1. Can you spot the lysines whose alpha carbon is less than 29 Å from Lys178's alpha carbon? Ignore those fewer than 8 places along the same chain.
2. Work out the FRET efficiency for Asn69 and Ala48 from their Cβ-Cβ distance, taking R0 = 45 Å, and round it to the nearest 0.05.
3. Can you pull the one-decimal nm distance between simple spin-label points at Leu161 and Ala37, each 7 Å off the Cα toward Cβ?
4. With an 8 Å cut-off on Cα pairs and a minimum separation of 6 or more residues, tell me the relative contact order of the stretch 126-226 in percent.
5. Given a cut-off of 27 Å, name the pairs among Lys55/Lys123; Lys82/Lys117; Lys82/Lys153; Lys55/Lys153 whose C-alpha atoms lie farther apart than that in the structure shown.
6. With Cβ to Cβ distances under 11 Å as the rule, what net charge do the other residues near Asp244 carry (K, R +1; D, E -1)?
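Computed from the coordinates by the stated procedures, all read-outs in this text should not be read as laboratory data. Being a predicted model, the structure only gives us computed values, none of them experimental. As a convention, Cβ positions derive from the backbone with ideal geometry for all residues, glycine included, and neighbour counts pool all protein chains shown.
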Amino acid sequence: MDFNVKRLAADAGTFLSRAVQFTEEKFGQAEKTELDAHLENLLIRAEATKHWTEKIMKQTEVLLQPNPNVRLEEFVYEKLEKKAPSRMSNHELLGQSLIDAGSELGPGTAYGNAMIKCGEAEKQIGGAGRELIQGAAINFLTPFKNFLDGDFKTILKERKLLQVKRLDLDAAKTRLKKARMTDARAAAEQELRMTQSEFDRQAEITRLLLEGISSTHAHHLRCLNDFVESQTTYYAQCYQYMVDLQKQLGSFPSSFTNNNQSPVSAAASISVPTIPVTASLPSVSGGSASAGGFNELRSTNGSRKARVLYDYDAAGSNELSLLADEVITVSSSPGMDSDWLMGERGNQKGKVPITYLELLN
């Protein structure tokens, strides 16, 4: 019991000494030991890393889930360590509505069939978006969160301890200056040596942790590359889904009959607009313009020269990569998908999509 009382009194005295030192420093009544420039720069960089990591995480979450109410619900479930209920995305909801409408209006009609095709494409985009969100959560957001909850909290803890050691050091310096008696001065000098040693050791620990921020930056760079790759895959999938959908809709007649087989007026006919795309992306209309030539090529089973309209990266070993403006030989074979031809370039041979080609006379 006597030991505990003495320990409590010693701790109270140490705490009071730190408080007095801190207060006097704020009022300019006591000297303050400054950290070396390298350590100060490391602290500044760590704070900047923490600040921007938090901001990037927040904006990424907004990008992946624009609905603030859903984000709040997911946050609550995360704090409760429970799994949030699965819900359909906006694309999936739209897709399901289109499919249901097309089924009720008549999948045998052009309008009903078109709605079903559009609904299936929207659900495919929704599925791709779900994969993007899951990939970003695992490969991008989780490492950022681990840094904030793990490494940076450790840095913050050691930094606070460094501040405590610095206050003890400066308090010891002050007591040495005020010491007049020989015995008191000797005790103050011994205390100063001890506090200086503890401060130096803590400064080294803090410095090593702060220098580890460079490794954190390298890790986050790899995460950023993964996130960009996930987005590249997502947008490429969405584009391909829309190209395929446009080709399917382009095969529908511009006017059709109703359930009683009576002609539908021109005002009620479906006109499928061409989806505008940038110059760097393949245009379905370019392939449609040569539809007659492609049909003739298939019927004769011959070969023709074709100019490549856009770059194309082969998705498998049975496909042929293309470069814009090059001329290759194309042919068709029985049973081949109508959207593909067999392309030849020297000794290289593989399937090529017709939407990337323009037949030459």
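1. Cα-Cα hits under 29 Å: Lys6, Lys26, Lys32, Lys160, Lys165.
2. 0.90
3. It is 2.9 nm.
4. 41
5. Too far apart for the 27 Å limit: Lys55/Lys123; Lys82/Lys117.
6. 0
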